[in-house]
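See below for the structure under consideration.
Readers should treat all values here as calculations from the given coordinates under stated rules, not as data from a laboratory. Just so we're clear, the structure is a prediction, and the values are computed from it rather than from any experiment.
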Amino acid sequence: MKIAIVGSGYVGLVSGACLADFGHAVRCVDKDANKISALREGRIPIFEPGLDGLVASNMAAGRLSFDTDLSAAVAEAEVVFIAVGTPSRRGDGFADLTYVYAAARDIAHALRGHTVLVTKSTVPVGTGDEVERIVRELRPDADFQVVSNPEFLREGAAIDDFKRPDRIVVGSDDARAREVMNEVYRPLYLNSAPILHTSRRTAELTKYAANAFLATKITFINEMADLCEKVGANVQDVARGMGLDNRIGAKFLHAGPGYGGSCFPKDTLALIKTAQDFGAPSRIVETVAAVNDQRKRSMARRVIEALGGSVRGRTVALLGLTFKPNTDDMRDAPSLAIVTALQDGGANVRAFDPEGMGQAALVLNDVAYASDAYDCAAGADAVVLVTEWNTFRALDLERIGAAMTGRVFLDLRNVYKREIMEAKGFQYHDVGRGGDA
Ligand code: NAD
């Protein structure tokens, strides 16, 4: 099939490369000319494991190409995916749909022949109706349907998630559009990924409900971690004991510094706003968002307390800046709140992240970036493990300790064991392991 993808970021590029790998002819479009010229030269603008090889092999096979010009790509496509960003709107937290609607207008002008227009971006309920209205108004003659097909991939494991999804949600009441979508994803039947056909509004809401539920799980275990610290229980064991129950499941029960990233924070806020607008407020999600916001900043307070109540003039070294390992994405990462609060308290902040420092430098000021974990720890009063990159899982602790000025180690991901850290002379602080580990 001939497919155009509008927006070649994390989702658009991964979707485009994977769909090309299924055998479709895919043209990825982006209005960012630098991104497109980099991609044409085989340079991948984001860090996503395996993506460079997948893009290269499909370009070489002639199935994947890149363009800034939307018209040609859309004119020849049978299916057009919209994969542009939907960030939080300033002020009310609702999804900013400017990019989606702008893309819809551009696509409308370029449509030729029967085309299925697919919203892959995460968009609030009713956006598909609006996209349809926009296109219909501009092109009353056009033969098209608008389908919602939200994406559930995770950064860091995006290719595997796209190729082996738990499910594919397709929202459309139109039989012809459903057939086309079945054809797009037919190669996945081999992996027996179920396609869930729903109404468009149901598909749109399903994405938000799924993300809000996962954010709730994380926030729940974080609160249990706080309680564990007070009562002398171990949150990892609590989580294991909960997660072995099939009704609950073990995933997203890792206590830590709070959820971040490009999806959960903005999607919970957008759902809250939708729910309020429709007169069915979601008190649970409202609380989750508020608790999580608090938590990110409270991590800095832990550092301050561990350093005796003040960080003024002290040096704090952060290991990991991205919201999770295996991505360079810094959007809404907990480290942003932690660094800002530490700097507000007068700390000198050093940091090392295997992939995120380029993005971090765009949003954080006055951070001294290090060349590796040991360089980062040099002269530090406290080391804070913020993101559990593999490279931080087996640190040479003697070397870290020797590089530091102080001995405070805050392990916000519970990577290390208390008895080992204390034996090595660290003043060790974990999350929710109430004394034992
Ligand atoms: P991104 O910011 O990485 O990429 C968006 C791209 O769209 C940018 O490169 C931008 O230049 C381009 N763009 C914007 N307007 C355009 C236009 N009119 N024409 C052509 N290109 C245009 O965003 P992302 O992380 O890929 O997210 C895209 C959507 O997918 C969002 O709605 C997001 O919520 C959703 N999503 C993201 C993830 C994730 O893990 N990142 C997972 C699931 C769903």
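I need the Debye-formula profile for segment 212-296: one equal scatterer per C-alpha, no solvent, reported as log10 I(q)/I(0) at q = 0.18, 0.20, 0.26 1/Å, two decimals. Rounded to two decimals, the profile gives -0.78, -0.91, -1.21. Per residue, the convex hull spanned by the Cα atoms of segment 345-385 amounts to 80 cubic angstrom.
For segment 264-324, taking Cα atoms only, Rg and Dmax work out to 16.7, 50 Å respectively. Between Val231, Val169, Val116, the GNM of the chain built on Cα springs shorter than 10 angstrom shows Val231 fluctuating the most.
For segment 2-198, the equivalent ellipsoid built from the Cα gyration tensor has semi-axes of 23, 19, 18 Å, listed from largest to smallest.
Take the Cα pairs of segment 212-429, get the Kirkwood Rh, then feed it into Stokes-Einstein at 25 °C and 0.890 mPa s and tell me D in µm²/s. This corresponds to a translational diffusion coefficient of 137 µm²/s. Kindly state, as a whole number, the per residue volume in cubic angstrom of the convex hull around the alpha carbon atoms of the chain. About 149 Å³ per residue, rounded to a whole number. With coordinates expressed along the principal axes, the C-alpha atoms belonging to segment 133-280 extend over 68, 41, 25 Å, beginning with the largest. Taking the three principal axes of the alpha carbon atoms in segment 1-100, the coordinate ranges are 46, 30, 23 Å, sorted in descending order. Beta bridges per DSSP, both residues in segment 22-176: antiparallel share near 15 percent. Build a GNM of the chain with springs between Cα atoms under 10 Å apart, and of Arg90, Arg167, Arg27 the one that fluctuates most is Arg90.
Count the DSSP beta bridges whose two residues both fall in the chain, then state the antiparallel fraction as a percent rounded to the nearest 5. If we restrict to bridges inside the chain, about 5 percent are antiparallel. Taking the helices alone, the chain has a mean residue ellipticity at 222 nm of -13500 deg cm²/dmol, built from -39,500 (n - 2.57) per DSSP H run of at least 4 residues and averaged over all its residues.
Amide H contacts for Ile168 (H built 1.01 Å from N in the peptide plane; partners 5 or more residues away or on another chain; cut-off under 5 Å): Ile195, Leu196.
3J(HN,Hα) along segment 70-84, derived from phi through the Karplus expression 6.51 cos²θ - 1.76 cosθ + 1.60 where θ = phi - 60°, amounts to 6, 4, 5, 4, 6, 4, 8, 7, 8, 9, 10, 8, 9, 10, 7 Hz, with x in place of Gly and Pro. Taking all Cα pairs closer than 8 Å and separated by 6 or more residues, the relative contact order of segment 212-429 comes to 17 percent. Of the residues Gly93, Gly113, Gly308, the one that moves most in a GNM of the chain with alpha-carbon contacts below 10 Å is Gly308. According to the Cα-based calculation, Rg over Rh for segment 374-429 is 0.90, with Rh computed by the Kirkwood formula. Along segment 283-295 the Karplus relation, 6.51 cos²θ - 1.76 cosθ + 1.60 evaluated at θ = phi - 60°, assigns HN-Hα couplings of 5, 4, 5, 4, 5, 4, 4, 5, 5, 5, 4, 4, 4 Hz to successive residues, with x for each Gly and Pro.
Let me check against my output: what whole-number percent is the relative contact order of the chain, with C-alpha pairs under 8 Å and at least 6 apart? Walk me through the intermediate numbers first.
Numbers: 883 pairs, mean separation 53.5, N = 437.
Relative contact order here is 12 percent.
Which translational diffusion coefficient, to the nearest whole µm²/s, is obtained for segment 174-253 from the Stokes-Einstein equation, given a Kirkwood hydrodynamic radius over C-alpha pairs, 20 °C and 1.002 mPa s? So the translational diffusion coefficient is about 136 µm²/s. If you wrap the tightest convex hull around every Cα atom of segment 317-406 and split its volume per residue, you get 76 Å³.
Quick one: Cα centre-to-centre distance for segment 7-79 and segment 148-227, in angstrom? The two parts, judged by their Cα centres, are 22 Å apart.
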